[in-house]
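**Student:** Here it is, the structure in full.
The values are calculated or read from the model by the stated rules, or taken from the named source; none is laboratory data. Worth saying up front: this structure is predicted, and the values here are computed from it rather than measured. No Cβ is skipped: glycine too gets one built from the backbone with ideal geometry, and neighbour counts run over all protein chains shown.
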Ligand code: ATP
Ligand code: MG
């Protein structure tokens with residue numbers, strides 16, 4: 001059996017992770033590569049609905065850190081059991097909580113997921129700001145452009161530590177306005193699925 005390629009894709013809310021990942025899946029399926037995608041927050045939310053009675057995915061970050069920690073471990077175990085050729089995890093390097101920036105990928109979660117590589121999606125802060133403002137399907141926190149710059153910095157700081165802990169590389173992918181295909185191709189290539197097929 002072929003070993004799974006496990007990739008963790010991180011980026012701040014509204015940067016475009018889920019949009020790009022769905023394009024990556026289209027490309028991989030065309031290449032007949034079996035792929036599964038887990039939006040980490042959705043896996044946590046499915047569990048939280050059953051056990052904590054919360055109604056919205058965007059309420060997850062309002063749970064206590066302890067509760068979020070337990071939900072993270074449960075989600076990681078579920079994802080680790082999947083053996084497709086490509087396993088993609090769409091998540092945040094940190095979550096803004098009352099207590100401060102809480103890691104989306106604490107050590108115990110990384111040990112369970114054992115990713116081969118990390119991808120950080122970035123974009124111009126002004127574009128991220130506009131994407132958050134325009135997307136009425138979600139209930140994102142609206143913050144200033146300066147605060148978005150800070151979030152990008154915290155993401156790369158958190159991700160460096162993840163890379164060192166796992167010994168797995170980080171690739172930065174820029175999600176330029178209107179250029180989703182380009183960003184998606186960059187990810188497929190970083191995953192090593194661009195040759196031949
Ligand atoms: P979250 O972490 O909150 O789930 P996300 O990183 O998954 O956010 P998306 O939901 O994929 O972000 O994208 C946010 C919004 O930005 C969506 O409305 C999406 O259509 C738009 N968007 C994403 N990438 C681009 C792009 N390259 N050009 C234009 N619009 C984009
Ligand atoms: Mg998303």
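**Student:** What number goes with the only condition from (1) modelled with pLDDT under 95; (2) buried (at least 17 other Cβ atoms within 10 Å of the Cβ) that residue 56 does not pass?
**Tutor:** Of (1) modelled with pLDDT under 95; (2) buried (at least 17 other Cβ atoms within 10 Å of the Cβ), only one is false for residue 56: (2).
**Student:** For region 1-100, which fully contained strands (runs of 3 or more DSSP E) count at least 2 residues that are under 22 Å from residue 167 (Cβ atoms)? Quick ask: steps written out before the conclusion?
**Tutor:** Numbers: elements: 5-10, 35-39, 86-91, 94-97.
Filter on region 1-100 gives 5-10, 86-91.
**Student:** Let me spell it out: the conditions are (1) touching a helix residue (DSSP H, G or I) at 6+ places or on another chain (Cβ under 6 Å); (2) within 16 Å of ligand 1 (Cβ to nearest atom); (3) modelled with pLDDT of 95 or more, and residue 35 meets all of them except one. Which number is the exception?
**Tutor:** Among (1) touching a helix residue (DSSP H, G or I) at 6+ places or on another chain (Cβ under 6 Å); (2) within 16 Å of ligand 1 (Cβ to nearest atom); (3) modelled with pLDDT of 95 or more, residue 35 violates only (2).
**Student:** Closer than 16 Å to residue 168 by Cβ and surrounded by fewer than 19 Cβ atoms within 10 Å (Cβ to Cβ): does that describe residue 112? Explain how you work it out, then say what you get.
**Tutor:** Numbers: closer than 16 Å to residue 168 by Cβ: yes; surrounded by fewer than 19 Cβ atoms within 10 Å (Cβ to Cβ): yes.
Criteria met by residue 112.
**Student:** Going through 90, 84, 26 one at a time, which residue ends up being surrounded by fewer than 17 Cβ atoms within 10 Å (Cβ to Cβ), modelled with pLDDT of 95 or more, under 25 Å from residue 186 (Cβ atoms) and within 16 Å of ligand 1 (Cβ to nearest atom)?
**Tutor:** Numbers: 90 fails: surrounded by fewer than 17 Cβ atoms within 10 Å (Cβ to Cβ); 84 fails: within 16 Å of ligand 1 (Cβ to nearest atom).
The match here is 26.
**Student:** Moving on to the next point. Which of the residues that make up region 120-142 are out of contact with any strand residue (DSSP E or B) (no Cβ under 9 Å at 6 or more places or on another chain), more than 10 Å from ligand 1 (Cβ to nearest atom) and not in a loop (DSSP other than H, G, I, E, B)?
**Tutor:** First, pick out the residues of region 120-142 that are out of contact with any strand residue (DSSP E or B) (no Cβ under 9 Å at 6 or more places or on another chain): 125-127, 129-140, 142.
Subsequent filtering for residues that are more than 10 Å from ligand 1 (Cβ to nearest atom) retains 125-126, 129, 142.
Answer for region 120-142, where residues must be out of contact with any strand residue (DSSP E or B) (no Cβ under 9 Å at 6 or more places or on another chain), more than 10 Å from ligand 1 (Cβ to nearest atom) and not in a loop (DSSP other than H, G, I, E, B): 125, 126, 129.
**Student:** Does residue 140 satisfy the condition of being within 16 Å of ligand 2 (Cβ to nearest atom), surrounded by 13 or more Cβ atoms within 10 Å (Cβ to Cβ), modelled with pLDDT under 90 and closer than 24 Å to residue 16 by Cα? Reasoning before the result, please.
**Tutor:** Working: within 16 Å of ligand 2 (Cβ to nearest atom): yes; surrounded by 13 or more Cβ atoms within 10 Å (Cβ to Cβ): yes; modelled with pLDDT under 90: yes; closer than 24 Å to residue 16 by Cα: yes.
Yes, satisfied.
**Student:** Quick check on residue 105: is it in contact with a helix residue (DSSP H, G or I) (Cβ under 6 Å, 6 or more places away or on another chain), in a loop (DSSP other than H, G, I, E, B), touching a residue at least 40 places away in the same chain (Cβ under 8 Å) and crowded, with 17+ Cβ neighbours inside 10 Å?
**Tutor:** Details: in contact with a helix residue (DSSP H, G or I) (Cβ under 6 Å, 6 or more places away or on another chain): yes; in a loop (DSSP other than H, G, I, E, B): yes; touching a residue at least 40 places away in the same chain (Cβ under 8 Å): yes; crowded, with 17+ Cβ neighbours inside 10 Å: yes.
So residue 105 passes the test.
**Student:** Taking the condition at pLDDT below 95 and within 16 Å of ligand 2 (Cβ to nearest atom), does residue 4 pass?
**Tutor:** Details: at pLDDT below 95: yes; within 16 Å of ligand 2 (Cβ to nearest atom): no.
No.
**Student:** In region 1-23, what count of residues is obtained for those that are surrounded by fewer than 21 Cβ atoms within 10 Å (Cβ to Cβ) and within 12 Å of ligand 1 (Cβ to nearest atom)?
**Tutor:** Looking only at that region, the number is 4.
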